Amino acid sequence: MVVLAATLALAAVSHGCRSAPAHGGTRGTSPDFIEPLDLVEIERDAVLRINADLVPGPLTMDVAIVIPSNLDPGFDLVSVPQMLDGIRSAKEIFGAVGVQIRLLWVKTGPVPDQHLSITSTDLLTGPGSKHAGMYTNFQRHPRPLSAGARAAFESLVPRDEANDRTLYLVVLQDVFYPFFASSGAGNDLVPTVTPTSGLSFPPYIHGREIPRRLRGVITISNLTAGANRFKTIAHEIGHKTLNVSHEYRTIDPEFEVVGEGGLMIYGAGVEIPSGADGRWHRERLERSPFLYREDESGKKLWNPDFEDGGHYFDPIYGDFVVGEE
């Protein structure tokens, strides 16, 4: 998750939604009945150029881009060229450790206005125990999508047999992340929300609480911020495929970490380290269910899927985990 330097009281959050016509593909109000929007494919030549270096054999991930055509006129934080530049940067970063990125397509179309700004989840059922680490707390209490987030993603992700293996970079204007923060008065915690530049909805947070078809969604809301703004897309892909929070070597996982070093902390660094000293980042990447190898016939041989919902300690990672005290 890439967050902006602002936090707001939860009760004061406004979704900034204008009134919108009823979703034409909706029966009733449940997200289960929302049909995906009829989006139009664009930038086909650029996609071909980006994929020109792909070869059979290496580990590969499939990525797709969805960008609404009716973003508000004042929203200028993400554009199609910036998204493509972010993909090129991500290809270099992951390519350095032998992992390819295939861009499947870029699609656009008008989106119901209420989907342009969402809150990612409802607040935790509890803030988590101070006696357990971040990953343990999320394993015990995985977070479901908010109704608004699920409705938006059901609309924006086209139905496909590989939905659960594909990463969907979805451009939205505002994606708010709610959490509990210290009030500064003893042990008091207060509900808080922060707007995000990118949000990965990683397995270690959501586990089985995110619908399987939507588990590859990543939202992008700002590609103009940070020391290395084109790192944002690679960073969010890292959350999803490494399945770790903001951490690096001796830096334990935190919601926000700024420093020099790896891909998974805020700053210019792009390293994906290996081994125990590197918190097993490369080893975890190589076991991601979002990766596959393509054989000479073009068949995709996917990595094994999660065995226990995808939390940080999921059995697919074996010993490639860092214990929490």
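Is there any pair linking a residue in segment 301-325 that is farther than 22 Å from Lys130 by Cα and at pLDDT 95 or above to one that is assigned to a strand (DSSP E or B) and not charged (D, E, K, R), with Cβ under 6 Å and at least six apart or on different chains, and which?
These pairs meet every condition: Leu301/Tyr292; Trp302/Tyr292; Asn303/Leu291.
Return the residue satisfying two criteria in turn: it lies in segment 29-69 and is at pLDDT below 95 and either more than 24 Å from Leu172 (Cα to Cα) or not in a loop (DSSP other than H, G, I, E, B) (or both), and of such residues it is nearest to the chain's Cα centre (by Cα).
Pro31
State all residues of segment 205-234 that are in a helix (DSSP H, G or I), touching a Phe, Trp or Tyr at 6+ places or on another chain (Cβ under 8 Å) and not hydrophobic (A, V, I, L, M, F, W, C); if no residue qualifies, say none. Before the answer, list the steps.
We begin by selecting, within segment 205-234, every residue in a helix (DSSP H, G or I); these are 205-209, 212-214, 229-234.
This time we only want the ones that are touching a Phe, Trp or Tyr at 6+ places or on another chain (Cβ under 8 Å), so: 205, 207, 214, 234.
The answer is Gly207, and nothing else.
Considering Leu123, Leu59, which residue is more than 19 Å from His239 (Cβ to Cβ) and of a type in the set (A, V, I, L, M, F, W, C)?
On the way: Leu59 fails: more than 19 Å from His239 (Cβ to Cβ).
Only one candidate qualifies: Leu123.
What is the residue count in segment 282-300 for residues that are charged (D, E, K, R), in contact (Cβ under 8 Å) with a residue 40 or more places away in the chain and crowded, with 16+ Cβ neighbours inside 10 Å?
The number of residues fulfilling the criteria is 4.
Anything in segment 253-277 that is within 29 Å of Ala181 (Cα to Cα), out of contact with any Gly (no Cβ under 8 Å at 6 or more places or on another chain) and touching a residue at least 24 places away in the same chain (Cβ under 8 Å)? List them, or say none.
Start the filter on segment 253-277 by keeping residues that are within 29 Å of Ala181 (Cα to Cα), which leaves 253-270.
Remaining after also requiring out of contact with any Gly (no Cβ under 8 Å at 6 or more places or on another chain): 254-257, 268.
The answer is Glu254, Phe255, Glu256, Ala268.
Quick one: in segment 193-204, of everything that is assigned to a loop (DSSP other than H, G, I, E, B) and not hydroxyl-bearing (Ser, Thr, Tyr), which residue is farthest from Val175 (Cα to Cα)?
Here is the first cut: in segment 193-204, the ones assigned to a loop (DSSP other than H, G, I, E, B) are 200-202.
If we keep only those that are not hydroxyl-bearing (Ser, Thr, Tyr) too, we end up with 201-202.
Numbers: Phe201: 11, Pro202: 15 Å.
If we take residues in segment 193-204 being assigned to a loop (DSSP other than H, G, I, E, B) and not hydroxyl-bearing (Ser, Thr, Tyr), then Pro202 is farthest from Val175 (Cα to Cα).
From Asn243, Asn222, grab the single residue that is of a type in the set (S, T, N, Q) and under 24 Å from Asp305 (Cβ atoms).
Numbers: Asn222 fails: under 24 Å from Asp305 (Cβ atoms).
Answer to the check: Asn243.
Checking the condition farther than 13 Å from Leu242 by Cβ and in contact with a His (Cβ under 7 Å, 6 or more places away or on another chain), which residue from Glu260, Glu296, Glu307, Glu254 passes? Give the derivation first.
Values: Glu260 fails: in contact with a His (Cβ under 7 Å, 6 or more places away or on another chain); Glu296 fails: in contact with a His (Cβ under 7 Å, 6 or more places away or on another chain); Glu307 fails: in contact with a His (Cβ under 7 Å, 6 or more places away or on another chain).
Result: Glu254 is the single residue among Glu260, Glu296, Glu307, Glu254 that is farther than 13 Å from Leu242 by Cβ and in contact with a His (Cβ under 7 Å, 6 or more places away or on another chain).
What strands (runs of 3 or more DSSP E) lie completely within segment 98-192 and have 1 or more residues being free of Cβ contacts under 8 Å to residues at least 24 places away in the same chain?
On the way: elements: 99-109, 117-119, 167-171, 174-182.
Counting at least 1 such residues, we get 174-182.
Listed residues Ser182, Ser197, Ser221, Ser155; which is at pLDDT below 90 and of a type in the set (Ser, Thr, Tyr)? Can you show your working first?
Working: Ser197 fails: at pLDDT below 90; Ser221 fails: at pLDDT below 90; Ser155 fails: at pLDDT below 90.
Only one candidate passes the filter, namely Ser182.
Per-residue answers, yes or no, for (1) within 23 Å of Gly207 (Cβ to Cβ); (2) assigned to a strand (DSSP E or B):
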site: Pro253; (1), (2): yes, yes
site: Ser288; (1), (2): yes, no
site: Tyr292; (1), (2): yes, yes
site: Ser297; (1), (2): no, no
site: Phe306; (1), (2): yes, no
site: Gly323; (1), (2): yes, no
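Restricting to segment 226-260, count the residues that are of a type outside the set (D, E, K, R) and under 16 Å from Ala90 (Cα atoms).
Of all residues in segment 226-260, those of a type outside the set (D, E, K, R) come to 226-228, 230, 232-235, 237-239, 241-246, 248, 250-251, 253, 255, 257-259.
Now narrow it down to the ones that are under 16 Å from Ala90 (Cα atoms): 226-228, 230, 232-235, 237-239, 241-242.
Summing the residues that are of a type outside the set (D, E, K, R) and under 16 Å from Ala90 (Cα atoms) in segment 226-260 gives 13.
The values are calculated or read from the model by the stated rules, or taken from the named source; none is laboratory data. Only a predicted model underlies this, so the values are computations on that prediction, with no experimental measurement involved. Ideal geometry is used to build each Cβ from the backbone, glycine not excepted, and the neighbour counts take in all protein chains shown.
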